[in-house]
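All of the numbers you see were taken from the coordinates with simple rules; none came from a lab. Note that the coordinates shown come from a computational prediction; the quantities given were computed from them, not determined experimentally. No Cβ is skipped: glycine too gets one built from the backbone with ideal geometry, and neighbour counts run over all protein chains shown.
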Amino acid sequence: MNYADYVVHGEGELTMLNLLDTLKHGGNLDDVKGISYRRNGRIVNNPLRTHIEDLDLLPYPAWELFPMEKYSTDPRTHVKDNVVETMILATRGCPNQCTFCSSRTERSLGSKYRMRAPGLVVDEMVFMNKKYGSEVFAFIGVAFPLIKKHAVAFCNEI
């Protein structure tokens, strides 16, 4: 039984675009870095794609394609009832080598710590508040205060 046709490893933004474009145009799946798939019953693991160095180049997620009412809160970060909660990408990667964490692997977010500009993160918060009424924000980033200067700049921006 197959549960998935394709697996995207690591950061999916560029890999998914590449995969969908390849499928649409009948291209060669071997050319899509960062995926695994089945060919003739065997699993093929393509080479990994390099991580996105400049997170500031990523657009906001296409939230308009999601039923936002179904994503109103995450029980792990619940702050108060009846508020819209939004997850925002602020950082990726972690140089620490904690044995219990999967985020440090190259198949995941990698060992290089990368940060979005604090002003862009706050701009996204304002956008989500105005467009969707978001009042609570959960930040995606396993090592947020790793670079003290960045963490302070982010807090000051808020």
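With a cut-off of 15 Å between beta carbons, the residues surrounding Ala117 carry a summed charge of -2, where Lys and Arg count +1 and Asp and Glu -1. Backbone amide hydrogens, once placed in the peptide plane, bring Phe139 within less than 5 Å of Ile88, excluding anything fewer than 5 places away on its chain. Near Ser134, once Lys and Arg are set to +1 and Asp and Glu to -1 for all other residues with Cβ below 12 Å from its Cβ, the sum equals -1. Against the chain, whose longest principal axis comes from its Cα atoms, helix 118-132 is set at around 90 degrees. Database note for the chain: Cys without another Cys beta carbon under 4.7 angstrom, Cys94, Cys155. For the stretch 101-158, the gyration tensor built on C-alpha atoms gives an oblate shape. Its axis ratio a/c (a ≥ b ≥ c) is at least 1.5, and a/b is not larger than b/c.
Once label points are set 7 Å from the Cα along Cα→Cβ at both Glu53 and Asn96, what is their separation, rounded to one decimal in nm? Going by the 7 Å Cα→Cβ label model, 2.7 nm.
Amide H contacts of Arg49 (H built 1.01 Å from N, in plane; Pro and chain starts excluded): Gly34 sit under 5 Å, all sequence-distant by 5 or more or on other chains. If both residues of a DSSP beta bridge must be in the chain, then about 60% of such bridges are antiparallel. Put a plus charge on the Cβ of each Lys and Arg, a minus charge on the Cβ of each Asp and Glu, and nothing anywhere else: the dipole of the chain about its Cα centre is then about 540 debye. All other residues whose Cβ lies under 11 angstrom from that of Phe154 are scored, Lys and Arg at +1 and Asp and Glu at -1, for a net of +2.
Of all lysines in the structure, those lying under 29 Å Cα to Cα from Lys131, and not within fewer than 8 positions of it along the same chain, are Lys70, Lys80. Taken as Cα centroids, the stretch 87-135 and the stretch 1-43 sit 24 Å apart, rounded to the nearest whole angstrom. Residues of the stretch 52-96 with an amide N closer than 13 Å to a point placed 7 Å from the Cα of Val136 along the Cα-to-Cβ direction: 71-87.
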